[in-house]
Amino acid sequence: MVYGVLELINFAHGEIYMLGAFIVYHLVIVCDMPFFAAFGIALVVCCGVGILLEYLAYKPLRNKRRLAALISAIGMSIFLQNLALIIWGAQQKGFPSEKLPTLFSSMALTIGGININYMQVFIFTLCVLLMLALHYIIMHTRVGMAMRAIAQDSKAAALMGINIDRVVSFTFAVGSFLGAVA
């Protein structure tokens with residue numbers, strides 16, 4: 001999404017994904033929080049980090065050369081990687097299955113010798129719902145129309161009264177939200 005609107009690669013997107021996973025891990029394992037509560041908190045935190053990332057790394061360089069924004073994005077990626085190393089360390093961490101909702105481990109159905117559990121059904125259903133929601137936002141809302149306009153021609157979109165900063169921040173928030181869900 002960020003590339004589609006700004007035509008810049010968000011190199012820190014993978015770190016948003018990582019941050020979402022570590023936040024859920026920390027809240028469930030260390031703080032003994034229920035999985036779905038931790039999942040919701042991680043979504044909100046990653047949205048905030050995405051907006052902060054856009055504000056610190058992209059917005060000041062929006063009208064500068066593309067190389068400057070690219071280097072800034074790589075710098076934010078390295079910063080978030082090192083922040084995670086400081087907070088959670090470099091050791092591999094496994095998510096114990098007993099901390100997941102008990103329904104996730106039970107089998108939903110078996111088709112031709114292939115077992116499908118409720119976690120797989122949840123992941124598939126969530127992905128389909130998020131794709132439909134994203135399609136609806138982009139194709140049927142004012143902010144979606146603004147995103148498409150900025151992707152087409154940001155200068156013309158600004159002349160038409162579109163608040164570029166707000167739409168770009170929204171794009172980063174949605175992209176970070178989807179990264180956290182992943």
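The values are calculated or read from the model by the stated rules, or taken from the named source; none is laboratory data. Keep in mind that what you see is a predicted model, and the values were worked out from it rather than measured. All Cβ positions, glycine included, derive from the backbone under ideal geometry; neighbour counts span all protein chains shown. Accessible surface areas use protein heavy atoms only, side chains included; no ligands, DNA or RNA. Shrake-Rupley method; radii C 1.70, N 1.55, O 1.52, S 1.80 Å.
For first residues located in the range 25-42 and free of Cβ contacts under 8 Å to residues at least 12 places away in the same chain, partners that are open to solvent by 50 Å² or more (accessible area, probe 1.4 Å) and not acidic (D, E) and lie 6+ apart or on another chain with Cβ distances below 8 Å form the pairs M33/I41.
For the range 86-94, indicate whether the set of residues that are free of Cβ contacts under 8 Å to residues at least 12 places away in the same chain, closer than 26 Å to I9 by Cα, open to solvent by 90 Å² or more (accessible area, probe 1.4 Å) and touching a helix residue (DSSP H, G or I) at 6+ places or on another chain (Cβ under 9 Å) is non-empty. No: the range 86-94 contains no residue that is free of Cβ contacts under 8 Å to residues at least 12 places away in the same chain, closer than 26 Å to I9 by Cα, open to solvent by 90 Å² or more (accessible area, probe 1.4 Å) and touching a helix residue (DSSP H, G or I) at 6+ places or on another chain (Cβ under 9 Å).
Within the range 1-22, the set of residues being farther than 26 Å from R62 by Cα and free of Cβ contacts under 8 Å to residues at least 60 places away in the same chain comprises A21 only. Condition check: surrounded by 13 or more Cβ atoms within 10 Å (Cβ to Cβ), without any contact (Cβ under 8 Å) to a residue 24 or more places away in the chain and not aliphatic (A, V, I, L, M). Does Q120 satisfy that? For Q120, the condition - surrounded by 13 or more Cβ atoms within 10 Å (Cβ to Cβ), without any contact (Cβ under 8 Å) to a residue 24 or more places away in the chain and not aliphatic (A, V, I, L, M) - is met. Checking each residue of the range 12-31 against the condition of being within 21 Å of the chain's Cα centre (by Cα) and assigned to a loop (DSSP other than H, G, I, E, B) gives at least one match. Number of residues in the range 97-117 that are surrounded by fewer than 10 Cβ atoms within 10 Å (Cβ to Cβ) and either under 26 Å from L19 (Cα atoms) or among the charged types (D, E, K, R) (or both) equals 2.
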